[in-house]
Amino acid sequence: MAAKLTTAERGTLAKQLEERRRVLRSELSAKLNAQDNPALLGLRNRMEETDDWAVADLETALDVAEVSRDVGELREVEAALLRMKDGSYGECIDCAKPIPFARLHANPSASRCIACQEKVEASQRRGPPTL
């Protein structure tokens, strides 16, 4: 069984989370405030660049997907920082066992231990039950 996080480990992880939050906020701000961001200005700009609707549509979809991914990661980081404040950080949200420092160091916003995360991912691969 994994040991609870030490004060030094929590400090290291808090710094990682705060830095990742800063980077994500900066990247999102740049993407969303860019005057030439085709995802914001619309498909027309991509069409003018490529003269090909399929390519323009794909590039716009990729821009939107990138922003969505970054927003999702920022939410995970913010949630981890909230767990740190309320004292539940480092504890699996499913089984309540401590999450090993090595896992949190690799993914500071992890909210589940590896065993519980694998169960979640396996159920997502199977999809919803059929009626």
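Read-outs throughout are calculated quantities, based only on the coordinates presented, and are distinct from any laboratory measurement. Remember, predicted model here, so these are calculated numbers, not experimental data. Positions of Cβ are backbone-derived with ideal geometry, glycine not excepted, and every protein chain shown enters the neighbour counts.
Using R0 = 30 Å, the C-beta based FRET efficiency linking residue 96 and residue 22 works out to 0.50. A protection proxy built from the mean count of other Cβ atoms within 10 Å ranks the segments 104-116, 76-88, 21-33, most packed first, as 104-116, 76-88, 21-33. For residue 119, the lysines whose Cα comes closer than 17 Å to its Cα, not counting residues fewer than 8 places off in the same chain, are 97. Here's the list of lysines a cross-link from residue 31 could span, going by alpha-carbon distance under 30 Å and ignoring same-chain residues fewer than 8 apart: 15, 85.
Here the 3J(HN,Hα) profile of segment 104-110, calculated from phi with Karplus coefficients 6.51, -1.76 and 1.60 at θ = phi - 60°, is 5, 5, 6, 9, x, 8, 4 Hz, Gly and Pro shown as x. Taking amide H positions as modeled 1.01 Å from N, with prolines and chain starts lacking one, the residues under 5 Å from residue 91 and 5 or more places away or on another chain are 99.
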